[in-house]
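S.K.: Please see the structure below; I have some questions.
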Amino acid sequence: MSIIFDFDYTNTTNYGTAQNQYCASCNAIKTWELIKKSKYFTLFSIPILPQSTKYWHQCTECKQGDFLSKKEFDAHKNIADINTDFANGTISLDEKEAQLNAAFLALEKMNAEKKEQALSESYKWLSIVALKTDAELLAVLEKQNDYQLDFIIAVEVEVTKRRLNK
Ligand SMILES: [Zn+2]
């Protein structure tokens, strides 16, 4: 008898819609949904142990999205849960509004921290983006979703600098 381990099994859980936000590929404000993908060790095709978990949120319309940290995922999931509780009649409208206010405040604070972090990390890219042509920089700005925020900030700084020097 041979024991067959396999790593490919992926379990996808959709936690429903959380918030409305801008989608660059639709170029409009859209509803975003939360998804958790877990990879498992499998034994005879039966998932045994979670191997790795990825957190993702995506536009419900075009399915474009990006990865979230566990902390970001939890903040978004909190909002999705409040919406679900209200839809199920577990909480009143007043409770929903109070809970959503607190949840959105926490999310805003986290996003501000993330931006501050990216801003401080953008400095390491400044000497690199200075060597790029105007066309290369514009190409990056047109495909912002493909790059990290700290890199985008450095490109924006360089583009602004060139515009002012003309
Ligand atoms: Zn979209």
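S.K.: Looking at the stretch 132-143, is at least one residue of a type in the set (Ser, Thr, Tyr) and surrounded by 11 or more Cβ atoms within 10 Å (Cβ to Cβ)?
M.R.: Looking through the stretch 132-143, none of the residues is of a type in the set (Ser, Thr, Tyr) and surrounded by 11 or more Cβ atoms within 10 Å (Cβ to Cβ).
S.K.: If we keep just the residues of the stretch 56-80 that are in a helix (DSSP H, G or I) and in contact with a strand residue (DSSP E or B) (Cβ under 8 Å, 6 or more places away or on another chain), which is nearest to the ligand (Cβ to nearest atom)?
M.R.: Step one: list which residues in the stretch 56-80 are in a helix (DSSP H, G or I), which gives 70-80.
Those still in the list that are in contact with a strand residue (DSSP E or B) (Cβ under 8 Å, 6 or more places away or on another chain) too: 70, 72-73, 76-77, 79-80.
Working: LYS70: 24, GLU72: 19, PHE73: 19, HIS76: 16, LYS77: 20, ILE79: 19, ALA80: 18 Å.
Residue satisfying both the conditions and the ranking: HIS76.
S.K.: Also, quick follow-up: Does GLU136 fit the bill of being in a helix (DSSP H, G or I), outside the structural domain of CYS26 (by TED's automatic domain parsing) and touching a helix residue (DSSP H, G or I) at 6+ places or on another chain (Cβ under 8 Å)?
M.R.: When the stated conditions are applied, GLU136 does not pass them.
S.K.: Can you go through ASN145, ASN101, ASN111, ASN78 and tell me which one is more than 16 Å from the chain's Cα centre (by Cα) and polar (S, T, N, Q)?
M.R.: ASN101
S.K.: Check the stretch 85-98 and report whether any residue there is modelled with pLDDT under 95, aliphatic (A, V, I, L, M), more than 15 Å from the chain's Cα centre (by Cα) and surrounded by 12 or more Cβ atoms within 10 Å (Cβ to Cβ).
M.R.: no
S.K.: Determine whether the stretch 40-54 contains at least one residue that is under 15 Å from the mean Cα position of the chain (by Cα) and modelled with pLDDT under 90.
M.R.: Within the stretch 40-54, one or more residues are under 15 Å from the mean Cα position of the chain (by Cα) and modelled with pLDDT under 90.
S.K.: If you don't mind, another one. Can you pull out the residues in the stretch 20-36 that are more than 7 Å from the ligand (Cβ to nearest atom) and either in contact with a strand residue (DSSP E or B) (Cβ under 6 Å, 6 or more places away or on another chain) or on the phi > 0 side of the Ramachandran plot (or both)?
M.R.: ASN20, GLN21, TYR22, ASN27, ILE29, THR31, TRP32, GLU33, LEU34, ILE35, LYS36
S.K.: Given (1) without any contact (Cβ under 8 Å) to a residue 40 or more places away in the chain; (2) touching a Lys or Arg at 6+ places or on another chain (Cβ under 9 Å), where does GLU95 come up short, assuming only one miss?
M.R.: (2)
S.K.: Of THR17, THR42, THR10, THR53, which residue is under 23 Å from ASP85 (Cβ atoms) and either away from the ligand (no atom under 16 Å from the Cβ) or touching a residue at least 12 places away in the same chain (Cβ under 8 Å) (or both)?
M.R.: THR17
The values are calculated or read from the model by the stated rules, or taken from the named source; none is laboratory data. Please read these numbers as outputs of a predicted model, since none were measured by experiment. With ideal geometry, Cβ positions are generated from the backbone for all residues, glycine too; neighbour counts draw on all protein chains shown.
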